[in-house]
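*Asks:* Dropping the structure in here first, questions after.
The values are calculated or read from the model by the stated rules, or taken from the named source; none is laboratory data. Not measured: the values here are computed from a predicted model. We place every Cβ from the backbone using ideal geometry, glycine too, and count neighbours over all the protein chains shown. Accessible surface is based on the protein model in full, side chains and every heavy atom, while ligands, DNA and RNA are left aside. Shrake-Rupley method; radii C 1.70, N 1.55, O 1.52, S 1.80 Å.
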Amino acid sequence: MCSLEKRGNLFILTLTGKNVVHRLNPEVLSSIISALSRAKAESTRGSALVTVSHGKFFCNGFDLDWVNATGSKQEAQQRFDYSLDCLTQLVQAFISLPMPTVAAVNGHAAAAGVVIPLCHDYVVMRRDRGVLYVNDLEMGLKIPELYMAFFRAKTSGWALRDLVLRGLKIKGEELLKMGIVDAVYDGEEGVTNAGMKMADNLARRKWDGEVYAEIRKGLYSEFCGMLGIASKAIGTPKL
Amino acid sequence: MCSLEKRGNLFILILTGQNGEHRLNPNLFSSIISALSRAKAQPTRGSALVTVSHGKFFCNGFDLDWVNAAGSDEETQQRFNLLLDYLKQLVLAFISLPMPTIAAVNGHAAAGGIVLALCHDYVLMRRHRSVLYMIDLDLGIKIPEPFMALFRAKISGSARRDLLLRGLKIKGEEALKMGIVEAVYDGEEEVTNAGIKMADDLAKRNWHGEVYAEIRKGLYSELCDILGIASIPIATPKL
């Protein structure tokens, strides 16, 4: 599932489990959402969260074995829709988290799995291994409107086209050029340490977490609008 | 006017006519829109369309001679508005086309001609002997909202400002740096062949045309709202 560790001011969320491709089913999704609730409850000024994973995969999308292990096509569709709902709740939890977030992407992220690193404020990735692969077009699946809004918040123009409309398995260096990742590193240790260091540097800024989350929501205004996540009014401190 | 050629899975749309500037008037507009309908009517899985032109110009914008040959100021304005309506229909037709599209820009493109190029998924351009010139500002003509929305979807930041607000004649290399075009080539034959090759490579991906068009519309959400193009729900196939 996942584990949450506190190390000084850092929350370290590790994607774990026997399921080495870290596939998302409702159980895994709810375990991550729980971890984020715990981080939120324990957060203080100067907290930050970094999400890490180990091995060949960061996250390979929905658990299609689980989705398809039902009696009928209708039930499979229901399980798929449910997985999508759980994912949406997770994205909301990340977007509302009152602290900076960094994803250290050690391996492949595909399909719905691409959403996980992208709902962090910063993404660092391996240069030598790992691709982001939005494969909906390849699978003959339309990307839901809500997730198009999500992708539109992260990138635009030719980069958005190349991310969703080209069936590409995109490596770190290219994602860097596209402005989708912030930096690339060699090796799993390299990217994991870089992610932690970045989170630590952000934590040291000692920002007001609530204000941070509210400003961040403004980067996802269309997405938040579609979900009905209103912006909160925050009392103006002494200027 | 234009001709539509089918070559295997490729549709090749050729801007033709004695009018070397391939200026957009009701005849050319109808002829292109008709050609796109014909392409759409055939089975579209594994198809692609490439638009090519020959000579000094790709498309030099509206046929202002036709506009100004009207009897009165009022009629002149009506003619101009008619061309704007046609251009909207053209954009709508391209954005809904159920296959990847490429524009091979062999020569100069201005105003409406740039809109024509940019409503393709990919734009290839000649390195020399070809400029993009949004002449509207220099002519004292405001750019209507739907086309502003198209530009906003395709280009951002200083590139967008430089294209629209600076009266620049932008050459291939610069357009490449600005993220407006995908690649540049030397010579009309080279850019045309590159367009055909790219179309062929994209066609070989064998994507579902309907899904492709729906994901593409997501790149132009603001424009689609303005043009009133709703998203079509597509049933989820076997997962």
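*Asks:* Roughly what would the spin-label model give for A:Gln89 and A:Glu214, points 7 Å off Cα along C-beta, in nm?
*Replies:* Taking the two extended label points, one gets 2.7 nm.
*Asks:* If you wrap the stretch B:1-51's Cα atoms in a convex hull and average its projection over all directions, what's the area in nm²?
*Replies:* Values: hull surface 13.5 nm².
Answer in nm², one decimal: 3.4.
*Asks:* Take every DSSP beta bridge whose two residues both sit in the protein assembly as shown, then give the antiparallel share in percent to the nearest 5.
*Replies:* Numbers: 18 of 60 bridges.
Around 30 percent antiparallel, to the nearest 5.
*Asks:* Picking from B:Ala109, B:Ala149, B:Ala203, which is most flexible by a Gaussian network model of chain B using Cα springs under 10 Å?
*Replies:* Comparing B:Ala109, B:Ala149, B:Ala203 in a Gaussian network model of chain B, the most mobile one is B:Ala149.
*Asks:* Would you work out what percent of the accessible area of chain B, with all protein chains in place, is carbon or sulfur (probe 1.4 Å)? Don't skip to the answer; put the middle values down first.
*Replies:* Details: 5210 of 10360 Å².
For chain B, the apolar C and S fraction of the accessible surface comes to 50 percent.
*Asks:* Among B:Gly195, B:Gly113, B:Gly157, which one shows the biggest mean-square fluctuation in a GNM of chain B, springs joining Cα atoms closer than 10 Å?
*Replies:* In this elastic network of chain B, the residue with the biggest mean-square fluctuation among B:Gly195, B:Gly113, B:Gly157 is B:Gly157.
*Asks:* Tell me the accessible surface of A:Ile229 in square angstrom (1.4 angstrom probe, heavy atoms of protein chains only), to the nearest ten.
*Replies:* 40 Å²
*Asks:* Ignoring ligands, DNA and RNA, how much accessible area is buried between chains B and A, both sides summed, with a 1.4 Å probe, to the nearest 100 Å²? Walk me through the numbers on the way to the answer.
*Replies:* On the way: alone 11550 and 11730 Å², together 20930 Å².
Summing both chains' loss of accessible area gives about 2300 Å².
*Asks:* Once the Cα gyration tensor of the stretch B:34-166 is found, what semi-axes does its equivalent ellipsoid get, as square roots of 5 times the eigenvalues, in whole Å, sorted largest first?
*Replies:* Details: eigenvalues 122, 76, 46 Å².
With the √(5λ) rule applied to the stretch B:34-166, the semi-axes are 25, 19, 15 Å.
*Asks:* Would you please state which residues of the stretch B:104-133 a label at B:Arg7 would reach in this model, taking the label point 7 Å out along Cα→Cβ and a backbone N cut-off of under 15 Å?
*Replies:* It comes to B:104-106, nothing else.
*Asks:* Calculate the FRET efficiency for A:Ala183 and B:Glu74 from the Cβ-Cβ distance with a Förster distance of 45 Å, rounded to the nearest 0.05.
*Replies:* Numbers: r = 60 Å, r/R0 = 1.33.
Rounded to the nearest 0.05, the efficiency is 0.15.
*Asks:* Right, another one. Test of understanding: what is the full-extension gain from B:Asp201 to B:Ser30, defined as 0.36 nm times their sequence separation minus their Cα-Cα distance?
*Replies:* On the way: separation 171, 0.36 × 171 = 61.56 nm, distance 2.90 nm.
Here the segment from B:Asp201 to B:Ser30 would lengthen by 58.7 nm.
*Asks:* Write down the accessible area per residue of the stretch A:55-135 in Å², having rolled a 1.4 Å probe over the full set of protein chains. Can you show the working numbers first?
*Replies:* Values: 2780 Å² over 81 residues.
Value returned for the stretch A:55-135: 34 Å² of accessible area per residue.
*Asks:* Also: Would you please state which residues of the stretch B:142-183 a label at B:Leu84 would reach in this model, taking the label point 7 Å out along Cα→Cβ and a backbone N cut-off of under 17 Å?
*Replies:* Within reach of a label on B:Leu84, which here means backbone N under 17 Å from a point 7 Å along Cα→Cβ, the stretch B:142-183 contributes B:142-151.
*Asks:* Turning to a different aspect of this structure: Can you give the accessible area of B:Ile155 in Å² (nearest 10), computed on protein heavy atoms with a 1.4 Å probe?
*Replies:* Per-residue accessible area (B:Ile155): approximately 10 Å².
*Asks:* A further question on this structure: Given a Förster distance of 22 angstrom, what is the FRET efficiency for A:Asn135 paired with A:Ser30, based on the Cβ-Cβ distance and rounded to 0.05? List each step's numbers first, then the result.
*Replies:* On the way: r = 24 Å, r/R0 = 1.11.
Efficiency, from the Cβ-Cβ distance: 0.35.
*Asks:* Shifting gears a bit: Specify the residue with the greatest mean-square fluctuation among B:Cys119, B:Cys59, B:Cys224, computed from a Gaussian network of chain B linking alpha-carbon atoms under 10 Å apart.
*Replies:* Evaluated over chain B, the most mobile residue of the options is B:Cys224.
*Asks:* Can you tell me what share of the DSSP beta bridges in the stretch A:60-186 is antiparallel? A percent to the nearest 5 is fine. Can you show the working numbers first?
*Replies:* Values: 3 of 12 bridges.
Rounded to the nearest five, the antiparallel share is 25 percent.
*Asks:* Can you give me the accessible area per residue for the stretch B:1-157, using a 1.4 Å probe, in Å²?
*Replies:* On the way: 6200 Å² over 157 residues.
With the other protein chains kept in place, the stretch B:1-157 gives 39 Å² per residue.
*Asks:* Measure off, as a whole percent, the carbon and sulfur share of the 1.4 Å-probe accessible area of chain A, all protein chains present. Present the calculation step by step, with values, prior to reporting the outcome.
*Replies:* Details: 5430 of 10570 Å².
Answer for chain A: carbon and sulfur cover 51 percent of the accessible area.
*Asks:* Largest first, please: the extent of the C-alpha atoms of the protein assembly as shown along each principal axis, to the nearest Å.
*Replies:* 76, 61, 39
*Asks:* Looking at B:Ile196, A:Ile215, B:Phe57, which one has the Cα that reaches farthest to the positive end of the dipole of the protein assembly as shown (charges on Cβ: Lys, Arg +1; Asp, Glu -1)?
*Replies:* Most positive-ward Cα: A:Ile215.
*Asks:* Further question on the same structure: Which listed residue (B:Leu163, A:Ala35, B:Ala117) has the Cα farthest towards the positive end of the charge dipole for the protein assembly as shown, taking +1 on Lys and Arg C-beta and -1 on Asp and Glu C-beta about the Cα centre?
*Replies:* Looking along the dipole axis, the top candidate is A:Ala35.
*Asks:* May I pose another question? Would you mind checking which residues have amide H under 5 Å from B:Val123's amide H? H placed 1.01 Å from N; only 5 or more apart, or other chain.
*Replies:* B:Ala103, B:Glu182
*Asks:* Would you jot down the residues in the stretch A:124-156 that end up with at least 10 Å² less accessible area in the complete protein assembly than in the chain alone, with a 1.4 Å probe?
*Replies:* At a threshold of 10 Å² (probe 1.4 Å), the residues of the stretch A:124-156 that become less exposed are A:Leu137, A:Glu138, A:Met139, A:Gly140, A:Leu141, A:Lys142, A:Ile143, A:Glu145, A:Met148, A:Arg152, A:Ser156.
*Asks:* Moving to a separate point now. Would you mind classifying the stretch B:149-239 by shape? Square roots of the alpha carbon gyration tensor eigenvalues, ordered a ≥ b ≥ c; an a/c under 1.5 is rounded, otherwise it is prolate if a/b is larger than b/c and oblate if not. Provide the component values of the computation, followed by the final result.
*Replies:* Details: a/c = 3.22, a/b = 1.29, b/c = 2.49.
Here the stretch B:149-239 falls in the oblate category.
*Asks:* Against the longest alpha carbon principal axis of chain B, how many degrees, from 0 to 90 and to the nearest 10, is the axis of helix B:26-41 turned?
*Replies:* So the helix axis and the longest Cα principal axis differ by about 0 degrees.
*Asks:* Just the number, please: percent antiparallel of the DSSP beta bridges in chain B, rounded to the nearest 5.
*Replies:* Details: 9 of 30 bridges.
If I count the DSSP bridges inside chain B, around 30 percent turn out antiparallel.
*Asks:* Calculate the translational D of the stretch B:2-227 in whole µm² s⁻¹ from Stokes-Einstein, where the hydrodynamic radius comes from the Kirkwood formula applied to all Cα pairs, the temperature is 25 °C and the viscosity 0.890 mPa s. Before the final figure, lay out each step's value.
*Replies:* Numbers: Rh = 17.5 Å.
Here the translational diffusion coefficient equals 140 µm²/s.
*Asks:* Once the convex hull of the C-alpha atoms of chain A is built, how many Å³ does it hold per residue, rounded to a whole number?
*Replies:* Values: hull volume 29.9 nm³, N = 239.
Looking at chain A, the number lands at 125 Å³ per residue.
*Asks:* As I understand it, the value is the acute angle between the Cα axis of helix B:73-95 and the longest principal axis of the Cα atoms of chain B; what does it come to in degrees, rounded to 10?
*Replies:* Roughly 20 degrees between the two axes.
*Asks:* First check a/c for the stretch A:85-151, with a ≥ b ≥ c the square roots of the eigenvalues of its C-alpha gyration tensor; if it is under 1.5, answer rounded, and if not, answer prolate when a/b is larger than b/c or oblate otherwise. Write down the numbers at each step before the final one.
*Replies:* On the way: a/c = 2.53, a/b = 1.07, b/c = 2.37.
Oblate shape, in that a/c is at least 1.5 and b/c is the bigger or equal ratio.
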